[in-house]
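Heads up, the thing below is written out as structure tokens.
Values in this text are rule-based calculations from the coordinates and carry no lab data. What you see is a predicted model; the values in this text were computed from it and never measured. FYI the Cβ positions are ideal-geometry reconstructions off the backbone, even for glycines, and counts take in every protein chain you see.
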Amino acid sequence: MSNSQAHRTIDAVWRIESPRLIASLVRMVRDVGFAEDLAQDALVIALEKWPKQGIPNNPSAWLMTVAKRRALDQLRRNQTMVRKYEEFGREYYTSIEHDLEAELDNHVGDDMLRLIFMTCHPILSPEARVALTLRLLGGLTTKEIAHAYLLPEPTIAQRIVRAKRTLASARVPFELPAKEELDARLSSVLEVIYLMFNEGYAATSGGKWMRPALCEEALRLGRILAAIAPMEPEVHGLVALMEIQSSRFRARVAEAGEPILLLDQNRVLWDHLLIQRGLVSLKRVEELGGAFGPYALQAAIAACHARAGTAAETNWVQIAALYDGLAQIMPSPVVELNRAVALSMAFGPAIGLEVVDTLSEEPALSDYYLLPSVRGDFLMKLGRFQEASGEFKRAASLTNNTREQELLRKRAEVCMEKQDTSRKEG
């Protein structure tokens, strides 16, 4: 295996395994920053050894073993942590798999969910909670998080650093809060899981359009959370959304890895079991009286697509109405952009273009590739091919995902071909 192949494999393993690795390390060392440093140390050693020795059969166990050894080495050198070293050393060397906290609070024993609740502690600002949790558990880079929030990268970096320091200073415990305290952190936890899923569904960067393992992890955590908080409609709304969106995985990517847009997908390939599970969760939302929550509304939009046997059968008028409701309770430029798409499908591209043009001066969307992409789509449908091609090229320059770049450049080329054809016919 060449160095470049090994590094690509290591990057893929790291993205999948780092959240579990960090969560397990936090359980042992009880310090978020220390746990992340240990995991990063293990990654550095893997980058050094794996290209020479080959990828181990169990990469996750290898990384964990190395991280544990690094923890012991550092704890030995830190005389102020003697007691912690002794406790950790006994656990490591005798292989005792016993967690007293899990027994005391046994309504969930999932390290990753515990870490989400730890990093979503009220001592942190809502923005810091989400940024830190996405960094540790979503496996997202600081740049990817900044992109998701349409904020400068240094702003996100500062939030993460401060959040880790705050948790360490306050000695926030690694545990699930008592059930009566869940509400204070629930909205942040839901937001983190939602953004984890979104990053998996449409990767911000890299050579693949999707990161299914991240989606699967987000969905698993959502299902656990639904069992913990069964009377919270927005929990079920988020699960419904993720179930229905996950149903499209097989249809979203062609054999060569190129993206397939929603209207072009073969709906026979959609997973109808996941769709049914999502619809059941959505019904539960309605029974709990939460049909107008932000996640419930997004799930209802996804359900409109899922219920349509073909793209032509999609009820775009209903989808536009649902986006109107979402814009009222969760106003944002991104929601407005999606509403423009729905309006264009329901009432024509000229209507959508009017809405999009009102967003052109929105600072948060100045580097958001989907704005010129959507505008290019509207212009293309209106026969303004040269303008559309320019928009697609601009969109390609703004995304870091190579698959998205290829798709957008191809659409730009198609527009120029149509422009040439119309000139000849004219």
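Quick notes on this one:
- With the convex hull of its Cα atoms as the shape, segment 132-256 has an orientation-averaged projected area of 8.7 nm².
- Pairwise FRET efficiency - Glu180 versus Ser397, Cβ, R0 = 56 Å, nearest 0.05: 0.65
- Shape descriptor for segment 251-376: Rg over Rh equals 0.99 (Cα atoms; Rh from the Kirkwood inverse mean 1/r).
- Using alpha-carbon coordinates, inclination of helix 126-136 to the longest axis of the chain, degrees: 80
- Residue separation of Ser4 and Ile123 scaled by 0.36 nm, minus their Cα-Cα distance, works out to 38.6 nm of gained length.
- Residue separation of Ala364 and Phe347 scaled by 0.36 nm, minus their Cα-Cα distance, works out to 3.4 nm of gained length.
- Principal-axis tilt of helix 385-398 within the chain, Cα atoms, nearest 10 degrees: 10
- Simple spin-label estimate for Arg250 and Ala213 in nanometres, 7 Å along Cα-Cβ: 2.2
- Evaluated over segment 106-163, the Cα radius of gyration and Dmax, each in Å: 11.9, 40
- Projecting label points 7 angstrom from Cα along Cα→Cβ for Glu48 and Glu153 puts them 2.6 nm apart.
- Additional length obtainable on full extension of the chain from Ala61 to Glu354, 0.36 nm per residue less Cα span: 100.1 nm
- Two numbers describe the Cα atoms of segment 367-426: Rg and Dmax, which are 11.3, 38 Å.
- Test item: Cα-centred dipole of the chain, Lys/Arg +1 and Asp/Glu -1 on Cβ, debye: 980
- The chain - Kirkwood radius from inverse mean 1/r over Cα pairs (Å): 23.5
- Label-point separation in nm, Leu269 to Lys410, each point 7 Å along Cα→Cβ: 1.2
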